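I have placed the structure first, in the form of structure tokens, so that the comments after it can refer back to it.
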Amino acid sequence: MEKLRNNKEKNLQIKNKLLDFFKQPLIYVLLICIIFQLKMYDTVQESILAYDSVSYIEAAKNIDIFHGQVDEKRTPVYPYLVKMILNIGGEENLAKNVAIAQKYLFILTLLLFYYCVKSITKNKIVISIITLIFGICPFIIFWNVPLLTESVSILEVVILSLLTIQYLKKPRYILSGSIGIIILIMIMTRPSFIYVLPIYILFWILRFFFEKTERKKVICGLISCFICCIMLLIYCSMMNNLYGEFALTRISNLNNVVSVVKSNAYKVVDNTEMVDIIDTALEEEKTIWDVYEILYGKYDKPQLEDFANTAIKSPEHLKYLIRKSVELGNLNIGYNYAENANLGLESHPNAISYRYIGALTLPITFGFVYFMLAISIVYLIWKLVKDKQINWFVAFFTSLIAANIFTLIVGAPEEEQRLFSASISLVLLFIAYVIENMIKKGRKIEK
């Protein structure tokens, strides 16, 4: 009888666990997202070889970081992903196989994003809506189609978010130590992520003074960030040995030169020869990237750096950055690269435009993000002055989003929405955090 009773209790526990599982929104949200994604992927190309894709493929063939062989243009994480897929599936269907891998990786990204939202709020409606937006928005999922770093970068930012959110809720050594590792991987995927490292070094320093009970865990986080710094310095030394340039890539000054050409600030530089070369190239309707190649073939790096730095300090370039910020404010934070890149969408038999679907699922402009950041900064200052405290969640979202926007405005001559793609997840998580706090305040008022 006792054995029978125990069996019944075990069966009841299993049944309750299954019922609890099916009550969770994850399974339904994930199913809906996958169905939508499959339908949407069927309306665009299976894969896209963009302008930058060629250099990633070349890097994948030549890179061997463990034997000191690094690529002059591309940091190693994404080329190694391409290399692995190249070794498994061969070169014939490489772009298609990479796209397939990225689509599967996005399912993992979606799962991790779900747990990020769930860590912020217990409201199932908020969890479901925010995750659905992330999982079906074409401005996000179509980054899995081109052979570019965006899909991997989105995954990495979601992992960093999950580690940070979990640490802020319950500090642990494994979390503080892992953050430095993921930052290193992010920078080795996309060098523009370098802004994340100083933000987290500052985070750990502030945490050390404001949260005295967790100083040992903070020191672990600081050590992981300093190890990240050491690894980056080693990589830069390898670059210096091979290419004579202490940098993550040899094209570190490319964006500055291109930016001053695009802004017309180059005209103020007291170097008539370089100015005439640029004017002639532009009159011949060459692209700004072609202009850089012409200059790069004629002048060495110090000359190009002096030229760009002089133009960047001019009032003309500052006016350009202000205009750029204002114009960017009117744009949606995402866009459909598969459509906007004009890479064959029109020839697809099931082609449809996702411009309005994207704007409907993600109706967020950079102007709205500016407003969010401004309010957040004022709130953080007020909280620090009034209560001598830092709202770490708000500080986390604000600093990373603001740093990304600053980087793309100052350092990116074009494709700003592409460079912001990895931060869309941060914006959605920040919105979830704001909604959760509004719900909490509403409950307090009711009581």
Exercise for the section: Beta carbons within 10 angstrom, averaged per residue: use that to sort the peptides 380-389, 51-60, 427-436, highest first. Expected result: 427-436, 51-60, 380-389
Handout entry: Helix axis angle, 424-446 relative to the chain longest principal axis, alpha carbon, degrees
Key = 40 degrees
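With n ≥ 4 as the cut-off for DSSP H runs, can you work out [θ] at 222 nm for the chain, using -39500 (n - 2.57) per run divided by the number of residues, rounded to the nearest 500?
Mean residue ellipticity, 222 nm, calculated: -24000 deg cm²/dmol.
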Practice task
Any chance you could give the angle, 0 to 90 degrees and rounded to 10, that helix 2-23 forms with the longest Cα principal axis of the chain?
Solution key: 40 degrees
Fill in the blank from the handout: For the chain, the charge dipole (Cβ of Lys, Arg +1; Cβ of Asp, Glu -1; about the Cα centre) points to a positive end, and the Cα of Ile405, Thr109, Cys236 closest to that extreme belongs to Thr109
Practice task
Please find the FRET efficiency linking Lys441 to Trp382, where r is the Cβ-Cβ separation and R0 is fixed at 25 Å, and quote it to the nearest 0.05.
Solution key: 0.95
Handout entry: Pairwise label distance in nanometres, Arg215 with Phe368, each label 7 Å out on the Cα-Cβ vector
Key = 4.4 nm
Exercise for the section: Compute the long axis of helix 196-210 from its Cα atoms, compare it with the longest principal axis of the Cα atoms of the chain, and write down the angle in degrees, 0 to 90, nearest 10. Expected result: 50 degrees
Problem - Net charge, Leu282 excluded, C-beta distance under 14 Å - Lys, Arg +1, Asp, Glu -1 - result: -4
Handout entry: Förster-model FRET efficiency, 22 Å R0, Glu72 and Cys229, C-beta, rounded to 0.05
Key = 0.50
Problem - Per residue Cα convex hull volume in Å³ - calculated over the chain - result: 213 Å³
Problem - Carbon/sulfur fraction of accessible area - the stretch 156-261, other protein chains in place, 1.4 Å, % - result: 70 percent
Practice task
Using a Gaussian network model of the chain whose springs link C-alpha atoms within less than 10 Å, name the residue from Ile35, Ile377, Ile424 with the highest mean-square fluctuation.
Solution key: Ile35
Problem - 14 Å beta-carbon shell around Val70, net charge (K/R +1, D/E -1) - result: 0
Exercise for the section: Over the chain, average the accessible area per residue using a 1.4 Å probe and give it in Å², no decimals. Expected result: 51 Å²
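Over 32 Å between C-alpha atoms is what I'm after, so list which of Lys118/Lys386; Lys83/Lys216; Lys301/Lys324 land there.
From Lys118/Lys386; Lys83/Lys216; Lys301/Lys324, over 32 Å: Lys83/Lys216.
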Handout entry: the chain - percent relative contact order, Cα under 8 Å, separation 6 or more
Key = 20 percent
Practice task
Can you find, among Leu248, Ile127, Ile322, the residue farthest towards the positive end of the dipole of the chain? Put +1 on the C-beta of Lys and Arg, -1 on that of Asp and Glu.
Solution key: Ile127
Fill in the blank from the handout: Magnitude of the Cβ-charge dipole (Lys and Arg +1, Asp and Glu -1) of the stretch 120-193 about the Cα centre, nearest 20 debye, reported as 400 debye
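Can you give the FRET efficiency for Leu360 and Ile65, using 1/(1 + (r/R0)^6), R0 = 35 Å, r = Cβ-Cβ distance, to the nearest 0.05?
Rounded to the nearest 0.05, the efficiency is 0.20.
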Problem - Simple Cβ-charge dipole of the stretch 369-436, Lys/Arg +1 and Asp/Glu -1, about Cα centre, in debye nearest 20 - result: 320 debye
Problem - Tensor-based shape of the stretch 123-178 (alpha-carbon gyration tensor, a/c under 1.5 rounded, otherwise prolate or oblate) - result: oblate
Completion exercise
Here the gain from full extension of Ile294 to Asp52, 0.36 nm per residue of separation minus their alpha-carbon distance, amounts to 85.3 nm
Practice task
Have a look at Met274, Met188, Met40 and tell me which one the Gaussian network model of the chain (Cα, springs below 10 Å) gives the largest fluctuation.
Solution key: Met274
Problem - Calculated P(r) of the stretch 141-204 - Cα pairs past 15 Å, % - result: 53 percent
Fill in the blank from the handout: Treating only Lys and Arg (+1) and Asp and Glu (-1) as charged, each at its beta carbon, one finds that the chain has a dipole about its Cα centre, in Debye to the nearest 20, of 3720 debye
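The values are calculated or read from the model by the stated rules, or taken from the named source; none is laboratory data. From a predicted model like this one, the values you see are computed outputs, not experimental measurements. Cβ sites come from the backbone with ideal geometry, for glycine too, and all protein chains shown count toward neighbours. What goes into the accessible areas is simple: the full protein's heavy atoms, side chains included, and nothing from ligands, DNA or RNA. Shrake-Rupley method; radii C 1.70, N 1.55, O 1.52, S 1.80 Å.
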